[in-house]
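Readers should treat all values here as calculations from the given coordinates under stated rules, not as data from a laboratory. The structure displayed is predicted, hence computed values, not measured ones. Because the Cβ atoms are built from the backbone with ideal geometry, glycine has one as well, and the counts that use them run over all protein chains shown.
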Amino acid sequence: MTLPSTPSTPSAPLPAATILGYPRIGPDRELKRDVESYWKGALDASGLRERAAALRAATRARLRGLGLTGASAVPADFTYYDQVLQVTTAFGALPERFGDLRGSAGDAADAGGTDAEAGEFPGTSLSGFFTAARGEGERAALEMTKWLDSNYHYLVPELDADTPIGYVPGFGAIDPTDGPVAQVLEALRAGEEAPRPVVVGPVTYLLLAKAADGADAGFRPLDRLHDVLNAYGHLLADLWAAGAEWVQLDEPALVSDAWDVPRDEVLAAVADAYTWIAAIAERPQVLVAGSYGSLGDALPVLAGTGVEGIALDLVAGEAPSVDELEPLAGKTVVAGVVSGRNIWRTDLEAALSTLESLRDALPAGTPVVVGTSTSLQHVPHDAARETSLPADIRSWLAFADQKVAEVRILARGLADGREAVADELAEDTRLRAERAAHPGVNRGEVRAAVVAVTQADRTRAPYAERKAAQKDRLGLPLLPTTTIGSFPQTAEIRKARAAHRRGELGTEAYEDAMRAEIKRVVRLQEEIGLDVLVHGEAERNDMVQYFAELLDGFAATEHGWVQSYGSRCTRPSILWGDITRPEPMTVAWSSYAQSLTDKPMKGMLTGPVTIMAWSFVRDDIPRAQVADQLGLALRAEVADLEAAGIPVVQVDEPAIRETLPLRLDDRPDYLEWSVGAFRLATGGAAATTQIHTHLCYSEFDVVIDAVDHLDADVTSIEASRSRMDILPAVAEHGFERQLGPGVWDIHSPRVPSAQECTDLLERAVAALGVEKLWANPDCGLKTRAYAETEASLRHLVAAARAVREIG
Ligand code: GLN
Ligand code: ZN
């Protein structure tokens, strides 16, 4: 039985069904709209707060309506922008450049009163919170990075030895009315049961942080553990006083062993943190959630502390063995058998078996709560609204609300036996069989084509031969200049596309508008003097969705939005079937563009791994197989581009690194199939066709071997922000082929001077020699305006010319 670790800790059990988190943007992206209205000045701070409170109330009502009842069943995980920024501002731990936004500890202490403890901050203002998230003038926003292996981006904390880490009362990012404590009080005031606040846990918070610029060499954010724990101590006491029975501390970082900090030090921090937290006299029960994989050797460490509950991800992670479960006696186990990551119905039979085995393997009497594997923040709200999808496809889906229902069914099945949920199990089995038998799910010719792939299909002529052939064909100067593909997506382009989608603009008129845009972009590039031109991607709404709409095997949703970061949402396509390419997808646009110029035109494709990373991918066949199906479809497109006379083809793979597995042991296999799929897409290209690829980050050291194995003739990467720092490592690695390290940071509207571009190119030449180098921006230009695009490209071309001369 659960023994409270201290007499004052509440001991109410967790209800039998729960979820680890719920989408916070709202079914119609209410939060996005409200926050953006506030930014525009159309809504004031108190207006925004009211709307947010209404959204939270609606969410709680929705979850109750779905049957998620009982104290602590409903998570309280609201934040206006990001769960990590929420913690940063609740510590007052903004970096120095935002020092004025921290709220001042001094003020709080001086304001005196008996409650003002040392280190207690009054908090960041609402506008300050958003300023830290979005930047302002010269003050760069906090950096954004992928949360674990998901497509959600969090704001990276920047810490050094002196960053103040205090406690904002209530842990509100903005003021006490917004934090987890207020979210508990708000529900209680409304006469509801206490929700379960969800907060990023201390070890994960510090592992996700980076050392601030100028921090002492050797400083690691994890060194601040004790300071951070103090703030969590205040938080837990406040939550207890507010009436929370349970608090959920998310510790997903523990499932990864790829941090800079050695594993034994991570484990020591876990022991330290949770022993300390468990010893707090007056606090809610603590549920530590280890999502996105297996806790592995962190499980026994957590089990050895006095925390009351542990949430296991049994979708991405494996079920622990009987021996590993033994030390969990006396704790509550939340079994995450319903995926928070994908949009497919849960295999209820299989999930129930997992739950039953877990219960049998656990020490007798250990409570097992049925839960989701992660927060549901990665999935859209409600599949029932997708009425334009074919009914059969819709019946295979489970978005957040359907997953809540699944959790409840499974909890009932676990408690009352399979007979109690026999109808639901039978229905699920039926739908599963229907899905497997759907002709689009299993196309014989696609399966046969994948099976027939040989290593030769993934192998081009030796690079030396390609290099010579391309030199003859393209006749490019030293340091050739090019761009990454897209040109600014102007308001007119977006308007034309929207009108076409609504049926107000005919296809012919729409295509005329796009051709006019392509012509303009080609003329502009000629006039600026670029060497390898692009058509500008005006016709593409999005680099993945564009292909998803043209390939068979994909479906698009109407309301399937998920938060990407802050107010930014994406609507991933659903990859549900075997992939075929009914007809060429890009050839007409690229050929038209090539017809306008004598300069080489670069065809633009999105690679298999990136298409998968930014879609919801089927769960019924291995990802490696899906990747090869996409590889084959793209291979046919490359062949058609070649046949149409396009001499250069770029296959973008910005996501190859972001879907890298969290565990080092899982990486070789992933890299093998992902690189293999890219090579399948490009392996049929003649030696005379120059294959480019593009990756959107600079720290590609972890995947440099893999990038080398992509065997592209030219690879462009981001490098300007880090001032080419990566290049010595690239040189050392012995990267044989050509590289285009970005000389213009397109993530900011700032126009680099020609001198700046020249300096960066010279640094690149010093590291790699001029022979292998290209001059290009960091990434695509679709988010930039024309004024800065033109000016920057002119400077880039001037710089390339200058460096060629000294050469
Ligand atoms: N070709 C794409 C573009 O230029 C690449 C975008 C990306 O790297 N994310 O927009
Ligand atoms: Zn990019």
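Shape analysis of the stretch 417-504 places it in the oblate category; the axes a ≥ b ≥ c from the Cα gyration tensor give an a/c of at least 1.5, with a/b not above b/c.
What does the C-alpha gyration tensor say about the overall shape of the stretch 587-724? Classify as rounded when a/c is under 1.5, otherwise prolate if a/b is larger than b/c, or oblate. Mind showing how you got there, number by number?
Values: a/c = 2.15, a/b = 1.39, b/c = 1.55.
It comes out oblate by the Cα gyration axes.
The dipole here belongs to the stretch 334-453: it is taken about the Cα centre, uses +1 on the Cβ of Lys and Arg and -1 on the Cβ of Asp and Glu, and is about 360 debye. If the label point is 7 Å along Cα→Cβ of residue 459, which residues in the stretch 672-686 have backbone nitrogen under 14 Å from it? Residues passing the 14 Å test: 680, 683-684. With a Cα cut-off of under 16 Å and a minimum spacing of 8 residues unless on different chains, the lysine pairs in the chain number 9. Based on the convex hull around the alpha carbon atoms, the chain presents an average projected area of 33.6 nm². For the stretch 565-599, the residues whose amide N sits under 19 Å from a probe point set 7 Å from the Cα of residue 643 along the beta carbon direction are 580-595.
For the stretch 511-617, the antiparallel share of DSSP beta bridges with both residues in that region comes to about 65%. I need the shape label for the stretch 546-640. Rule: rounded when a/c is under 1.5, else prolate if a/b > b/c, else oblate, with a, b, c from the alpha carbon gyration tensor. The shape class here is oblate.
What longest region of the chain stays clear of GluC sites (Glu not before Pro) that DSSP places outside H, G, I, E and B and that have at most 12 other Cβ atoms within 10 Å? Answer - 319-503.
Pairs of Cα atoms under 8 Å, at least six residues apart: use those to get the relative contact order of the chain, whole percent. Don't skip to the end; give the middle numbers.
Details: 1623 pairs, mean separation 90.3, N = 807.
Rounded, it is 11 percent for the chain.
Taken along its three principal axes, the alpha carbon spread of the stretch 299-448 comes to 52, 35, 32 Å, from the longest extent down to the shortest.
By the helix-only formula, in which each DSSP H run with n ≥ 4 contributes -39500 (n - 2.57) and the sum is divided by residues, the chain has a 222 nm mean residue ellipticity of -12500 deg cm²/dmol. Residues of the stretch 359-373 with an amide N closer than 17 Å to a point placed 7 Å from the Cα of residue 321 along the Cα-to-Cβ direction: 361-363. In angstrom, the C-alpha Rg and Dmax of the stretch 198-268 are 13.9, 43. Extending 7 Å from the Cα toward the beta-carbon at both residue 527 and residue 665 defines two label points whose distance is 6.0 nm. Dipole orientation for the stretch 196-340: of the candidates 327, 247, 278, 247 has the Cα lying most toward the positive pole (charges on Cβ; Lys, Arg +1; Asp, Glu -1). With viscosity 0.890 mPa s and temperature 25 °C, the Kirkwood radius over alpha carbon pairs of the stretch 431-480 converts through Stokes-Einstein to a diffusion coefficient of 163 µm²/s. Which one of 462, 693, 387 has its Cα pushed farthest toward the positive end of the charge dipole of the chain, where Lys and Arg give +1 and Asp and Glu give -1 at the Cβ? Going by the charge dipole, the pick is 387.
For the chain, DSSP calls about 20 percent of its internal beta bridges antiparallel. The value given for the stretch 171-309 is a Kirkwood hydrodynamic radius of 15.7 Å, derived from the mean inverse Cα-Cα separation. Each Lys and Arg contributes +1 and each Asp and Glu -1, all at the Cβ; summed about the Cα centre of the stretch 561-718, the dipole is approximately 500 debye. Model label points for residue 558 and residue 190, set 7 angstrom from Cα along the Cα-to-Cβ axis, are 2.7 nm apart.
Placing unit charges on each Cβ (+1 for Lys and Arg, -1 for Asp and Glu) gives the chain a dipole about its Cα centre, and among 742, 781, 198 the Cα reaching farthest toward its positive end belongs to 781. Spatial offset of the stretch 586-624 relative to the stretch 413-477 amounts to 17 Å, using the alpha carbon center of each. Centre-to-centre separation between the Cα atoms of the stretch 782-798 and those of the stretch 720-780: 16 Å. Of the chymotrypsin sites (Phe, Trp or Tyr not before Pro) found in the stretch 20-84, not one falls in a DSSP loop while having at most 12 other beta-carbon atoms within 10 Å. Charges were assigned to the Cβ only: +1 to each Lys and Arg, -1 to each Asp and Glu. The resulting dipole of the chain about its Cα centre is roughly 2060 debye.
Modelled label positions at residue 263 and residue 12, each set 7 Å beyond Cα in the direction of Cβ, lie 3.9 nm from each other. Shown is the FRET efficiency for residue 39 and residue 442, computed with R0 = 56 Å from the Cβ-Cβ distance and rounded to the nearest 0.05: 0.75.
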